[in-house]
Amino acid sequence: MNDFLIIGGGPAAVSAGVYAARKKLKTILITEEWGGQSVVSAGIENWIGTKNVSGIEFAKMLEEHVRAQEDIEIVVPDRVAKVEKIDEHFKVSTEKGNAYDTKTVFVGSGAHRKKLGVPGEKEFDGMGVAYCSTCDAPMFKDKDVVVVGGGNAGLEAVLDLVPYAKNIWLLEHSNGLKGDPVTQEKVKSSDKIKEIIFNAETLEILGDKFVTGLKYKDIKTAEEKRLDVGGVFVEIGSVPNSDMVKDLVETNKYGEILIDSKNARTSQLGIWAAGDVTDDPFKQNNISAGDAVKAALDAYNYLTLGEH
């Protein structure tokens with residue numbers, strides 16, 4: 001029987017692991033890979049205490065830190081498929097057919113970005129194709145960039161890029177922007193915005209060693225066009241990896257786990273969550289880590305002091 005079982009290998013999961021291990025809880029961490037969504041970033045410049053680190057190096061830092069702890073078992077690579085409540089504890093089953101019993105669970109499984117699914121997207125991921133404007137906007141200084149997506153994520157990406165990019169195009173599949181009116185006004189008022197293109201279906205991302213352009217189709221006329229750009233930000237939303245606990249905890253309409261911001265508790269006693277899998281509005285590594293620390297400390301109090 002474990003005290004604390006952690007799902008995930010990103011900043012939230014690793015932070016929870018480090019703190020749980022230091023509290024001498026019998027802890028197990030299960031992850032498919034290390035680093036979370038930031039592993040694809042060419043350079044992370046907002047991880048506090050580190051001026052710049054690549055996504056791959058960031059993942060190594062996280063792994064090394066959690067492996068340096070004594071009281072923690074690490075299972076990798078494996079993926080949690082389901083969490084079930086059995087009497088006063090939980091049973092956690094993985095895709096490889098393993099099962100673990102634990103008194104408490106921490107969900108730091110993150111989210112996965114919605115992809116365009118077009119030629120060139122996978123090939124140039126991290127080489128001009130980006131999914132996190134907050135992380136990667138500074139890497140596109142003085143470059144022409146296109147943002148795909150006219151919702152809040154896309155509009156906010158444009159604003160993140162304004163201080164850095166030379167020119168910005170915004171592509172939206174429908175015939176209008178879907179983000180907040182105030183954010184729309186900010187975007188439209190920027191002189192960096194070259195054009196907002198509606199009814200645009202992305203067909204292909206072009207490049208050699210790095211992105212050189214994007215091909216799209218005008219849905220109304222069926223005419224195919226090209227934009228010569230050095231970067232493509234895909235901002236069409238993300239999907240939280242919450243399926244394994246969806247029958248146990250309360251989620252919002254997007255599938256994000258609802259948490260108490262004071263202690264990262266979910267609606268299910270004995271389950272905590274932090275990071276991109278939750279309804280926290282700010283999807284940032286530093287916030288994920290901080291919320292995970294709250295969760296681990298609160299879980300320790302729950303287990304040792306009976307604080308419910």
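Among residues belonging to segment 138-155 that are free of Cβ contacts under 8 Å to residues at least 40 places away in the same chain and at negative phi, point out the one that is nearest to the chain's Cα centre (by Cα). If you could, list the steps in order and put the result at the bottom.
Taking segment 138-155 and keeping what is free of Cβ contacts under 8 Å to residues at least 40 places away in the same chain, we get 141-142, 152, 155.
From what's left, at negative phi: 141, 152, 155.
Values: Lys141: 23, Asn152: 16, Leu155: 18 Å.
So, considering only residues that are free of Cβ contacts under 8 Å to residues at least 40 places away in the same chain and at negative phi, the one nearest to the chain's Cα centre (by Cα) is Asn152.
Please verify whether Asp298 is within 22 Å of Lys24 (Cβ to Cβ) and either assigned by TED's automatic domain parsing to the domain that holds Tyr131 or of a type outside the set (Lys, Arg) (or both), treating the condition exactly as stated.
Numbers: within 22 Å of Lys24 (Cβ to Cβ): yes; either assigned by TED's automatic domain parsing to the domain that holds Tyr131 or of a type outside the set (Lys, Arg) (or both): yes.
So Asp298 passes the test.
Residues in segment 257-277 that are crowded, with 20+ Cβ neighbours inside 10 Å and free of Cβ contacts under 8 Å to residues at least 60 places away in the same chain: how many?
Within segment 257-277, residues that are crowded, with 20+ Cβ neighbours inside 10 Å and free of Cβ contacts under 8 Å to residues at least 60 places away in the same chain number 3.
Residues checked against (1) hydroxyl-bearing (Ser, Thr, Tyr); (2) touching a Phe, Trp or Tyr at 6+ places or on another chain (Cβ under 8 Å):
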| site | (1), (2) |
| --- | --- |
| Phe233 | no, yes |
| Leu248 | no, no |
| Ile259 | no, yes |
| Thr266 | yes, yes |
| Asp280 | no, no |
| Asn286 | no, yes |
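Being within 14 Å of Leu5 (Cα to Cα), in contact with a Phe, Trp or Tyr (Cβ under 8 Å, 6 or more places away or on another chain) and modelled with pLDDT of 95 or more is the requirement here; does Thr31 meet it?
No.
Report yes if some residue within segment 20-29 is touching a residue at least 12 places away in the same chain (Cβ under 8 Å), buried (at least 21 other Cβ atoms within 10 Å of the Cβ), under 24 Å from Ile287 (Cα atoms) and within 21 Å of the chain's Cα centre (by Cα); otherwise report no.
Yes, some residue in segment 20-29 is touching a residue at least 12 places away in the same chain (Cβ under 8 Å), buried (at least 21 other Cβ atoms within 10 Å of the Cβ), under 24 Å from Ile287 (Cα atoms) and within 21 Å of the chain's Cα centre (by Cα).
If I ask for residues that are without any contact (Cβ under 8 Å) to a residue 24 or more places away in the chain, on the phi < 0 side of the Ramachandran plot and part of a loop (DSSP other than H, G, I, E, B), which ones from segment 30-59 would you list?
Within segment 30-59, Thr50, Lys51, Asn52, Ser54 qualify.
Please determine, by comparing only the residues of segment 178-208 that are among the charged types (D, E, K, R) and free of Cβ contacts under 8 Å to residues at least 24 places away in the same chain, which one is surrounded by the most Cβ atoms within 10 Å (Cβ to Cβ).
Of segment 178-208, the ones among the charged types (D, E, K, R) are 178, 180, 185-186, 188, 191-192, 194-195, 201, 204, 208.
So of that shortlist, the ones also free of Cβ contacts under 8 Å to residues at least 24 places away in the same chain come out as 185, 188, 191, 208.
Values: Glu185: 10, Lys188: 13, Asp191: 7, Asp208: 8.
Filtering segment 178-208 for residues that are among the charged types (D, E, K, R) and free of Cβ contacts under 8 Å to residues at least 24 places away in the same chain, the one surrounded by the most Cβ atoms within 10 Å (Cβ to Cβ) comes out as Lys188.
Regarding segment 221-233, can at least one residue be identified that is surrounded by 14 or more Cβ atoms within 10 Å (Cβ to Cβ) and without any contact (Cβ under 8 Å) to a residue 40 or more places away in the chain?
Here is the first cut: in segment 221-233, the residues surrounded by 14 or more Cβ atoms within 10 Å (Cβ to Cβ) are 227, 229-233.
Checking the rest, the ones that are also without any contact (Cβ under 8 Å) to a residue 40 or more places away in the chain come to none.
Among the residues of segment 221-233, not one is surrounded by 14 or more Cβ atoms within 10 Å (Cβ to Cβ) and without any contact (Cβ under 8 Å) to a residue 40 or more places away in the chain, which makes the answer no.
Restricting to segment 85-98, give me the number of residues that are in contact (Cβ under 8 Å) with a residue 60 or more places away in the chain and in contact with a strand residue (DSSP E or B) (Cβ under 7 Å, 6 or more places away or on another chain).
Our first condition is that a residue be in contact (Cβ under 8 Å) with a residue 60 or more places away in the chain; within segment 85-98, this holds for 85, 89-90, 92, 94.
Remaining after also requiring in contact with a strand residue (DSSP E or B) (Cβ under 7 Å, 6 or more places away or on another chain): 89-90, 92, 94.
Count: 4.
For segment 205-235, how many residues meet the condition of being small (Gly, Ala, Ser) and in a strand (DSSP E or B)?
Initial filter on segment 205-235 (small (Gly, Ala, Ser)): 207, 213, 222, 230-231.
Of the ones still in play, those that are also in a strand (DSSP E or B) are 207, 213, 231.
Number of matching residues: 3.
Scan segment 236-271 for residues that are within 12 Å of Val83 (Cβ to Cβ) and outside any loop (DSSP other than H, G, I, E, B) and report the count.
To start, the set of residues in segment 236-271 that are within 12 Å of Val83 (Cβ to Cβ) comprises 242-249, 257, 266, 268, 270-271.
Still in the list and also outside any loop (DSSP other than H, G, I, E, B): 243-245, 257, 271.
Matching residues across segment 236-271 total 5.
Which numbered condition trips up Lys215, out of (1) crowded, with 16+ Cβ neighbours inside 10 Å; (2) touching a residue at least 24 places away in the same chain (Cβ under 8 Å)?
Among (1) crowded, with 16+ Cβ neighbours inside 10 Å; (2) touching a residue at least 24 places away in the same chain (Cβ under 8 Å), the lone unmet condition for Lys215 is (2).
Restricting attention to segment 152-169, and to residues there that are out of contact with any Asp or Glu (no Cβ under 6 Å at 6 or more places or on another chain) and assigned to a loop (DSSP other than H, G, I, E, B), which single residue is surrounded by the most Cβ atoms within 10 Å (Cβ to Cβ)?
It comes out as Ala165.
Is there any pair linking a residue in segment 60-75 that is over 17 Å from Gly35 (Cβ atoms) to one that is among the hydroxyl-bearing types (Ser, Thr, Tyr), with Cβ under 9 Å and at least six apart or on different chains, and which?
Close Cβ pairs (under 9 Å, with a partner that is among the hydroxyl-bearing types (Ser, Thr, Tyr)) amount to Gln69/Thr27; Asp71/Thr27; Ile72/Thr27; Glu73/Thr27.
Report, by residue number, each residue of segment 2-19 that is surrounded by fewer than 24 Cβ atoms within 10 Å (Cβ to Cβ) and either assigned to a loop (DSSP other than H, G, I, E, B) or charged (D, E, K, R) (or both).
Step one: list which residues in segment 2-19 are surrounded by fewer than 24 Cβ atoms within 10 Å (Cβ to Cβ), which gives 2-3, 18-19.
Matches in segment 2-19: Asp3 only.
The values are calculated or read from the model by the stated rules, or taken from the named source; none is laboratory data. Bear in mind the structure is a predicted one, so any value in this text is a computation, not a measurement. Every residue, glycine as well, gets a Cβ built from its backbone with ideal geometry; the counts of neighbours run over all protein chains shown.
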